[in-house]
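Below is one structure, written out as structure tokens; the observations come after it.
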Amino acid sequence: MSDLTLDETVLADSAPLPPAGLRHPRLPRWAPAALAVGAIVVAAAIGLAAGLGNKVQWGLIAGVLFMAALYGVTAFVEGRRQAKDRLATSLVWACFLLAVVPLVSLIWETVDRGTKVLDGRFLSHSMAGVLTIGPGGGVYHAIIGTLEQVGLATAIAAPIGLLTAVYLVEYGRGRLAKAVTFFVDVMTGIPSIVAGLFILSFWIIMLDFGYSGFAGSMALAILMMPVVVRSTEEMLKLVPNELREASLALGVPKWRTILKVVLPTAIGGIATGVMLAVARIAGETAPIVLLVFGSQVINTDPFNGAQSSLPYYIYEQWAAGNAASYDRAWAAALVLIAFVMILNLVARGIARWKAPKSGR
Amino acid sequence: MDDMDISPENPAPPLAPEPAENTGNAKGTTRIGDRIFLGLSRGSGVLLLAIMAAIAVFLTVRAASAISKDHGNFLTTFEWNANADQPVFGIAVLAFGTVVSSLIAMLIAVPVAIGIALFITHYAPRRLAAPLSYVIDLLAAVPSIVYGLWGALFLVPHLTGLYTWLDSYFGWTGVLAYHGGAARSLFTIGILLAIMILPIVTSVSREVFRQVPRMHEEAALALGATRWEVIRMSVLPFGRSGVISASMLGLGRALGETMAVATVLSPSFLISRSLLDPGGGTFAQNIASSFKESGDLGKDALIASGLVLFVLTLLVNGAARLIIARRKEYTA
């Protein structure tokens with residue numbers, strides 16, 4: 001697995017032959033695997049002998065032993081340069097495995113602990129009248145809150161983002177377009193809590209409206225806009241210029257060309273971008289903490305009064321700090337992850353299904 | 001009119017070059033539909049700029065009114081007591097915690113992310129490269145509050161062993177001393193943030209490594225270089241500026257991360273010498289944790305600290321984007 005692809009082709013031709021005089025001696029292809037097995041055995045022996053209870057320590061010892069042995073053996077047989085190459089290969093593989101570990105652990109923990117209380121009752125009941133220290137209750141009010149807030153945010157951000165992208169691709173030249181491009185990029189990096197503080201100072205402190213789902217969705221819309229602009233822009237750039245020229249040559253006005261030719265060609269990619277943006281803001285908690293305030297009961301009106309939302313619900317149940325509320329937090333986390341993942345998968349499905357045929 | 005502006009210093013842009021006559025205006029017949037549509041789309045762009053400006057203005061106004069009532073020094077006070085009769089608050093501890101935890105995250109995440117990007121572009125079997133990069137992107141799709149929950153209830157209990165070990169060998173440095181208790185410290189935050197910024201650093205670096213001219217790599221291979229030498233001589237030098245900007249984008253994320261920090265850290269308004277002992281705070285965490293107990297001045301004080309965070313992330317992100325933009329011109 002750590003062999004060079006180039007070497008493999010060379011080796012495949014000449015593997016049965018004895019090494020010719022002009023070729024460097026090479027390790028057989030099974031050598032890394034054999035060393036890996038050896039390292040695991042030795043590490044297990046060391047672990048047992050030293051009485052190390054933690055399997056992570058065994059793994060670390062095995063990893064270090066494997067790299068050291070591979071380097072040593074390769075340096076002896078093939079030379080220092082090849083040894084360095086193999087060391088780099090194992091380090092790069094290690095990096096990738098290192099990144100997969102937290103992902104697997106996180107999903108495993110969430111599914112494992114989340115399924116404990118997740119059932120139909122949990123999905124269809126609110127927390128009204130439920131003591132936080134006791135079992136029971138559910139996420140119904142939070143799901144309603146999330147759907148309404150995210151829906152409103154999308155209704156605000158998607159058209160603005162779409163039109164901005166159209167401006168940048170179809171009309172934009174000069175200083176204004178440059179400024180918009182730059183600030184869209186910068187806006188992607190605005191911390192969600194800052195967007196929340198802005199709506200707080202503008203909507204709640206200055207205009208003196210109360211906490212509401214709508215206040216939260218305005219902050220979410222600010223976070224969503226740059227993502228929509230960026231992805232839509234990429235998609236519009238993929239639309240072949242010949243289509244625009246053909247339409248304009250027929251005397252179709254530019255705005256109809258954009259609406260009837262350019263946007264429909266790119267619609268799959270645009271939908272994907274919007275859905276990925278929705279998935280991103282669905283998990284935002286910080287603006288909700290500042291602007292929506294949280295609630296235990298069902299409130300279907302996003303314009304009046306406090307609401308809850310799935311991420312906020314997780315935060316609240318975590319803060320309650322007892323076994324029953326932890327169970328609810330994990331179950332809600334599972335619901336949220338499932339929601340976000342499904343959005344992601346569907347979005348990518350649409351992207352593949354409706355990819356613009358741009359000739360490459 | 002910006003759309004008509006095809007002058008020597010603004011040559012036709014590389015993409016979607018439309019002849020100017022097609023906007024309709026040049027022919028003398030102004031099409032009402034075109035004007036409305038142009039107005040709408042340009043208006044959206046202007047609105048985006050206006051929102052950015054409004055964020056800066058509103059935060060500054062509230063922050064100024066808070067700072068004028070501060071009885072301590074806003075920059076150097078080690079205290080956050082904005083709701084007292086004699087309000088005293090300062091960002092020293094928050095600035096320290098934010099910068100230190102983000103730097104720890106960078107130190108962990110950047111090398112690993114470079115490794116993963118190299119793995120996906122140069123080492124992984126070609127058929128697996130796309131699904132593997134999707135797996136890394138999934139890390140970015142997990143909401144931050146779920147990271148926080150996982151960090152607080154899974155990661156923290158599993159780190160005490162590591163911290164005890166670090167303490168017994170490196171405790172004499174003071175920086176890595178650990179005195180027991182739940183591992184809800186700045187270092188834990190750093191580890192968690194590292195996991196969270198890994199996908200963005202990886203995906204930007206991956207794109208840069210992909211753009212390395214094939215000729216450079218093949219030339220190196222033809223000279224007999226091993227795969228590692230190809231990477232060291234042609235891929236890494238080519239990708240250096242891209243990796244730097246990727247790291248800065250990651251840094252921007254780490255600086256502003258709120259919920260994961262608010263759930264994991266056990267906050268205190270002290271700067272402790274040890275990174276492993278619980279305590280400290282970050283801008284975003286402090287805003288989320290103390291918001292509900294804040295009165296009017298308290299909220300303004302939090303907005304003031306948010307303004308500092310905003311400026312900080314703006315600088316970091318702006319710098320990263322400038323590097324990327326300059327690189328684009330240079331390679332194009």
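Each reported figure results from applying straightforward, stated rules to the coordinates on display, with no laboratory input. As the structure is a prediction and not an experimental result, all values here were calculated from the model. Neighbour counts are summed over all protein chains in view; Cβ atoms, including those assigned to glycine, are modelled from backbone coordinates with ideal geometry.
If you run the Gaussian network model on chain B, springs between alpha carbon atoms under 10 Å, then out of B:L315, B:L270, B:L138 the most flexible one is B:L138.
Once the Cα-Cα distance is subtracted from the 0.36 nm per residue extended length, the A:T300 to A:K260 segment shows a gain of 10.7 nm.
Under 8 Å for C-alpha pairs, at least 6 residues apart: give me the relative contact order for chain B, rounded to a whole percent. If you can, show how the numbers build up before the last one.
Working: 437 pairs, mean separation 77.3, N = 332.
Rounded, it is 23 percent for chain B.
For chain A, a Gaussian network of Cα nodes joined below 10 Å ranks A:L291, A:L207, A:L250 by mean-square fluctuation, and the top entry is A:L250.
Where a ≥ b ≥ c are the square roots of the eigenvalues of the C-alpha gyration tensor, would you call segment B:141-290 rounded, which needs a/c under 1.5, or, failing that, prolate if a/b is larger than b/c, or oblate? Provide the component values of the computation, followed by the final result.
Values: a/c = 2.97, a/b = 1.94, b/c = 1.53.
Prolate, since a/c reaches 1.5 and a/b exceeds b/c.
Over segment A:140-353, the alpha carbon radius of gyration divided by the compact-protein estimate 2.2 N^0.38 Å works out to 1.15.
Each helix, a run of at least 4 DSSP H residues, gives -39500 (n - 2.57); summed and divided by the residues of chain B, these come to -21500 deg cm²/dmol at 222 nm. Modelled spin-label separation between B:E79 and A:V111, with each label point placed 7 Å from Cα along the Cα-to-Cβ direction: 5.2 nm. Separation of segment A:223-265 and segment A:153-198 by C-alpha centroid, Å? Their Cα centres are 17 Å away from one another.
Considering only the Cα atoms of the protein assembly as shown, their convex hull presents on average a projected area of 36.2 nm². Here chain B is assigned +1 on the Cβ of each Lys and Arg and -1 on the Cβ of each Asp and Glu. Its dipole about the Cα centre then comes out at about 660 debye.
Under a 10 Å cutoff between Cα atoms, tell me which one of A:Y315, A:Y167, A:Y211 has the largest fluctuation in the Gaussian network model of chain A. Among A:Y315, A:Y167, A:Y211, the largest mean-square fluctuation in the Gaussian network model of chain A belongs to A:Y167.
Can you tell me the relative contact order of chain A? Whole percent, Cα pairs under 8 Å, sequence separation 6 or more. Could you put the intermediate results ahead of the total?
Working: 445 pairs, mean separation 72.0, N = 360.
20 percent.
Determine, for A:W330, A:W353, the number of other Cβ atoms within 10 Å of each Cβ, and report the residues in order from fewest to most.
A:W353, A:W330
Mean residue ellipticity at 222 nm, helices only, chain A: -23000 deg cm²/dmol; runs of at least 4 DSSP H residues each add -39,500 (n - 2.57), and the sum is divided by the number of residues.
What is the sum of charges, Lys and Arg at +1 and Asp and Glu at -1, for the other residues whose Cβ falls under 14 Å from the Cβ of A:G213? Once all neighbours under 14 Å are counted, the net charge is -3.
Of the residues A:I337, A:P191, A:V100, the one whose Cα sits farthest toward the positive end of the charge dipole of chain A, with +1 on the Cβ of Lys and Arg and -1 on the Cβ of Asp and Glu, is A:V100.
Over segment B:179-286, what relative contact order in percent results from Cα pairs under 8 Å that are six or more residues apart? Computed value for segment B:179-286: 43 percent relative contact order. Look at the dipole of segment B:187-332 built from charges on Cβ: of B:S289, B:A194, B:A220, the Cα furthest out on the positive end belongs to B:A220.
Set the Förster distance to 30 Å, then compute FRET efficiency between A:R80 and A:I46 from the Cβ-Cβ distance, nearest 0.05.
Details: r = 28 Å, r/R0 = 0.92.
Efficiency at R0 = 30 Å is approximately 0.60.
Using the Cα gyration tensor of chain B, with a ≥ b ≥ c the square roots of its eigenvalues, what is the shape: rounded (a/c below 1.5), prolate (a/b larger than b/c) or oblate (neither)?
On the way: a/c = 2.56, a/b = 1.21, b/c = 2.13.
Judged from the Cα gyration tensor, chain B comes out oblate (a/c at least 1.5, b/c at or above a/b).
Taking a ≥ b ≥ c as the square roots of the eigenvalues of the Cα gyration tensor, chain A is oblate, since a/c reaches 1.5 or more and a/b is not larger than b/c.
Between B:F89 and B:H71, B:G72, B:N81, the built amide H atoms are under 5 Å apart, and every one of these is 5 or more places off in sequence or on another chain.
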